[in-house]
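The values are calculated or read from the model by the stated rules, or taken from the named source; none is laboratory data. All figures in this text were calculated on a predicted structure; none of them were measured in a lab. Every residue, glycine as well, gets a Cβ built from its backbone with ideal geometry; the counts of neighbours run over all protein chains shown. The accessibility values were calculated without ligands, DNA or RNA, using every heavy atom of the protein model including side chains. Shrake-Rupley method; radii C 1.70, N 1.55, O 1.52, S 1.80 Å.
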Amino acid sequence: MCCSRLLCGVIMFLPQPPTITHQSPKDYIVDPRENIVIHCEAKGKPHPSFSWTRNGMHLDIDKDPKVLMKPHSGTLVMDIGGGERAEAYEGVYQCSAHNELGTAVSNSIIIRQSRSPLWSKERISPIIAQKGQSLILHCRPPAGLPPPIIFWMDNNFQRLPQSRRVSQALNGDLYFSNVQPEDSRSDYICYARFPHTQTIQQKQPISVRVLDMDSLNDTLADYFNDTDLFSDKPTEERAPVFMVPSESVSSKMVLRGEVLEMECVADGLPTPAVSWVKHNGEIPSGRASFLNFNKTLRITDVSEVDAGEYRCIAKNRHGSVQHTIRVTVNAAPYWISAPRNLVLAPKEMGIITCRAAGHPKPSIRWLVNGLPIQAEPPRVLTLPNIVYQVIMNKPALLECVTFGSPVPTITWFKDSRSSMLEGNAYVFHENGTLEIHMSHPSNSGKYTCVARNSLGLSENHVYLEVKEPTRILRPPEYRVVQRNRDVVFECKAKHDPSLVPTMTWLKDDRELPDDERFRVDSDSLTITDVTESDAGRYTCIMNTTLDQDSASAQLTVVGECLCATPSQPGVPTDLELTDQEARSIQLTWIPGDEHNSPIKKFLIQYEDALHQSGVWHNLTEVPGTKTTAHLKLSPYVHYSFRVLALNEVGFSRPSMPSRQYRTSPAAPDENPTEVKGHGTEHNNLVITWKPLTPLQANGPGLQYKVMWRQQDMEKDWTSVSVANVSKFVVSGTPTFVPYEVSVQAVNDYGPGPKPSAVIGYSGEDFPSAAPGDVRVLVLNSTLAEVRWSPVSPESVRGRLQGYKRSLHRHNSHHGKQRTEIFSPNKTSGKLPDLLPYSVYSLEVTAFNSRGEGPSSVPQRFETPEGIPGTPSFFKVSALDLDSLTLEWGPPHERNGRLSGYTFKYQTEELDLPSNQSSFTLHNLPHSTRYKFYISARTQRGAGPTLTEEAVTVLDRALSVTPAFGNVSSSVSEDGALISWEYWGPEKHLYVEYIIDNSKNPAYWQKEKVNGSQFHVLKGLKKGLAYKVRVVARGHDDRAVHHSEELLVKVPAMVSPQVDIATQGWFIGLMSAIALLILILLIICFIKRNKGGKYPVKEKEDAHGDPEIQPMKEDDITFGEYSDEDHKPLKGSRTPSSGTVKRDGSDDSLVDYGDSGDTEFNEDGSFIGQYSGRSDRDARHDSSEPPSPVNAMNSFV
């Protein structure tokens, strides 16, 4: 601090309120054999007086002659040397220092007397334990203040040896994970040392006797005629179990800054090893230590990051157990920003900051002179009507400093009190300040801050103005000007109209020369009569009160000849070496012509004629304004230098090389890098490094001194010197042990710096042990879980890379093994994608970088049955008109013992035995489509279904209604006109034709018909005969119906023909024939209604049509019929027996002629039923099937 003598004197004599300078600790434990001294020192002007409170009440020092206060101090001295008891002065003390300016209060100091009580008398019976059992020897020391320090010793005051098996817990008890005969002794003594009184007390000795049941039985059998008196079996080895803590989960709370201690002691045989991990985190390496043979985890200076779940894990070869400790870190209040003293002038504002943290969050209260601050309504201390100005897109901070008790809450409003400001655009700081992230013109306006507490409110108004930023729109540009000419630099800028701008020009970052040739206008700089000294960089700066913007340009002055186009600079010349030192030199040169473009920089290169003659390397760069460079050099190099100049066009040609400069050799300045140590065999260590370059060698005779020693085992280094190599192999090393290795560079002029050592490991060997206790748990038919015990670290003989699981399926044709890798910290894993009903063998091996160790004992397990796969094939064939034969094969993946097959079609479901592979369905309806489903079954259920579709063959005894009629043809000059009548539902009609007696009778050409019942075939060859037919096709392009084939002959010369259809006499004749046919139909219908019979059926039965073509098995369309084969289809629903009953009557489809119109779908299927029923239908309603419903082209 710096001040004038007068000011310092004023401060020295300025009155000051008291300040506590020294006080006793908050928790003060006193020795009852010594006087009690409670410190309290303070400063102030005038010097303060002191008073004390005890347990919140005023302490009258004059009433107790044994209590004294030191002069000019607040320190209390309590004389207890006359036999007074120290516990009479226990309590909570607090010191106050007063002067006329105020009061300072010390911390609350708790006075307690240290105590070292005696051990209670007790009789301890001898303890008899069986070998291998766990044991706890309880100490239970008397409660002292502070707590005593516990240790176990024998009668000779020798500490009892402790190990992983025998250890002392934090509570002082002695724990045995398993007792052994050598633990038998009669002098287990627990000692308690009380630090304040420096006294030691002991517990009664404990006698422990360990029995070995095997040897005891053998001894007694000799005396009692081989009688086994102790039938108890010897204690068997067992998996670990925690002795402390006893439960699986525990919790622990610790204060911030204190020490956290957690312990886990396990029972087990052999003795378990304990390890610690932190869930979702890491144990702090710098503050954590593992004590008591890894059973205790100790973390110092605890902070909030140490909270979480810690797990201790105890393992031996029979298993493992873990315990979770949930740690919560609380914090007593601590200062983030402690209050600081203030010196203020009258009416001056001051702020005392008090920021504290803790967990739970502490409450803060203020006191004045030791008394609480009285409640006060809020006040806004920020001056009213302040105008804040900010540049657009910049943050704005509006202050609202308040005072009040309780602390007021701050709310902000804009323009009016109608809506409170909120949202992500605003940040409300704890001190009341309002922050706007990105200011926009819409943020301009009046802002009101309102402070509220329980006693009232106060408000203040401020204003925000958002200004446009200052921007240079047209910056100055690079100029090349001839000497004695004028040059103008323009600089046009834009700014907020309400701000006053100022334009400033600089030359080479300095003020412009005081020369009348430089004229500054509002937006330009003019230089008249330019000289060479005017060349340089000119910068214009546009300033406002809130921001600024700048831009620069270069001025180059040339001679009388002003070249229009710049080119590469000239070659630098006259290279000179000066100031020659061992490791540096000065290089100067003369630059070449700039060629109308200023030189930006010079590049300096060097050649090492000793190591790489003819190769130039970049050394350094210097700005274009310099012609000198100070170069750093390396020893043992034959340097030559050259310089290249660079302008905006490019580099110049290199200069002529300088004279050669040779630096003297020296010892190496550095050692090889990337030093590593690793093993390639189980008994070697390979040390590798990155060799030095010739430039780094610094001299001739470069060698490498390779040094190594076994870490923590060998004190002396072993070394060897090698040259021209980058590795060295150390043989005969132990397997996988750490070594310290280093490599030092040495040449003829000495060694390099002392190398740092790195840690490397000798080679690994194959693991010597297999994972134990391999167990397989089958979860379902395709999934199992495997568990194993980890291998011991000693058997790994290297760094454990993981575990490899090998799975072999017996009776597999492939013979392949499945392998899977697990990380080294895993001791279990899943076995997915197993095949049901299979036998597997599983082996687990540990592996390191060398390879795999021995395999574990093969574990054989079986997977249960699963559902089978789909049958291997499924096909349907038609043997006759009303039968279908189904054939299938067993599944490739049976996944168990097949119990049968499930067969479904329509509403029927059949269960078939597993040895059946075919089945025939009889008495099926004709012309019916079926969809069949078949699946295989095991005891676990049915597998996936395989489907197949089939259609029964058309009955030859039934007739089909023709779809085409009146097919005719006529030939004209335009082509062959084919006409027809069509009654079918299909919309896709084609006219197909082929040359008569064609060599390829299957190749019919076709032309599509567009919705009419006639079509003209064009392009037929004259003099040839064609077979022509009309075909109706379904959506799958299969032929559903086709007409009879016509033979159309195309004459060589076609004579003109008269269209008979246009003649009047023909039209009249056709009308008369149609009227006659209508009358005949009416008469037939009348006769039918009177019981007459239309003898169609007799004709059909008498004249069987041999030309009916059966349906093909692989075609779902119906057979084709000749023109004479116009017979209706007759059918019925299938009875539940699965057979079709043939109707022996002579009824024909005339019986159904009275029904209404029959509709068709686009696919040709019927819609609905025949609505009419004949008298015969009514008479046979009970025995006959219902009227046919879409028997043709139907799907079941």
Inset, instruction - With all protein chains present, calculate the accessible area of Thr945 using a 1.4 Å probe and round the result to the nearest 10 Å². - result: 80
Inset, instruction - Give me Rg over Rh for region 22-136, both radii from the alpha carbons and Rh done the Kirkwood way, two decimal places. - result: 1.30
Legend entry - Charge context of Val675, other residues only, Cβ under 13 angstrom, K/R +1, D/E -1: +1
Inset, instruction - Give me the lysines in straight-line cross-link reach of Lys121: C-alpha distance below 27 Å, same-chain residues under 8 apart excluded. - result: Lys203
Legend entry - GluC sites (Glu not before Pro) within region 64-118, DSSP loop, no more than 11 other Cβ atoms inside 10 Å: Glu100
Inset, instruction - Let me know the whole percent of all Cα-Cα pairs from region 87-215 that are separated by more than 26 Å. - result: 42
Legend entry - Relative contact order (percent, whole number), region 666-772, Cα cutoff 8 Å, 6+ residue spacing: 39
Inset, instruction - Of the listed pairs Lys999/Lys1022; Lys414/Lys492; Lys252/Lys361, which have alpha-carbon separations greater than 28 Å here? - result: Lys414/Lys492
Inset, instruction - Restrict the search to region 715-776; then list the trypsin sites (Lys or Arg not before Pro) that DSSP places in a loop and that have at most 10 other Cβ atoms within 10 Å of their Cβ. - result: Lys715
Legend entry - Cα-centred dipole magnitude for region 310-468, charges only on beta-carbon of K, R (+1) and D, E (-1), debye, nearest 20: 1000
Legend entry - Debye, to nearest 20: dipole size of region 601-753, +1 on Lys, Arg Cβ, -1 on Asp, Glu Cβ: 580
Legend entry - Rounded to the nearest 20 debye, dipole of region 43-175 from Cβ charges on Lys, Arg, Asp, Glu: 640
Inset, instruction - First select every other residue whose beta carbon is under 14 angstrom from the beta carbon of Glu1007; then total the charges, Lys and Arg +1, Asp and Glu -1. - result: +4
Inset, instruction - Treat region 305-428 as a sphere of radius equal to its Kirkwood radius over Cα pairs and apply Stokes-Einstein at 10 °C in a medium of 1.306 mPa s; give the translational diffusion coefficient in µm²/s, rounded to a whole number. - result: 77
Inset, instruction - With unit charges on the beta carbon (Lys/Arg positive, Asp/Glu negative), name the residue among Leu397, Asn431, Ser454 whose Cα is farthest towards the positive pole of the charge dipole of region 348-464. - result: Ser454
Legend entry - Calculated FRET efficiency for the pair Arg1038/His922, C-beta based, R₀ 22 Å, to 0.05: 0.20
Legend entry - Pairwise centroid distance, computed over Cα atoms, of region 484-523 with region 776-838, Å: 82
Inset, instruction - At a Cα cut-off below 17 Å, give the lysines reachable from Lys626, other chains included and same-chain residues fewer than 8 away excluded. - result: Lys600, Lys601
Inset, instruction - Determine the order of Met69, Met503 by accessible area, beginning with the largest, at a probe radius of 1.4 Å. - result: Met69, Met503
Inset, instruction - In whole angstrom, note down how far apart the Cα centers of region 332-403 and region 577-593 are. - result: 63
Inset, instruction - Express in Å², to the nearest 10, the accessible area of Met656 obtained by rolling a 1.4 Å probe over the protein heavy atoms while all chains stay in place. - result: 150
Inset, instruction - Straight distance only, please: which lysines reach the Cα of Lys43 with their own Cα at less than 18 Å, same-chain residues fewer than 8 apart left out? - result: Lys70
Legend entry - Loop-located chymotrypsin sites (Phe, Trp or Tyr not before Pro) in region 108-186, at most 11 other Cβ atoms within 10 Å (DSSP): Phe157
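Which whole number of Å³ per residue matches the convex hull of the alpha-carbon atoms in region 351-495?
227
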Inset, instruction - Taking amide H positions as placed in the peptide plane 1.01 Å from N, state which residues far from Arg115 in sequence (5 or more) or on other chains have amide H under 5 Å from it. - result: Leu145
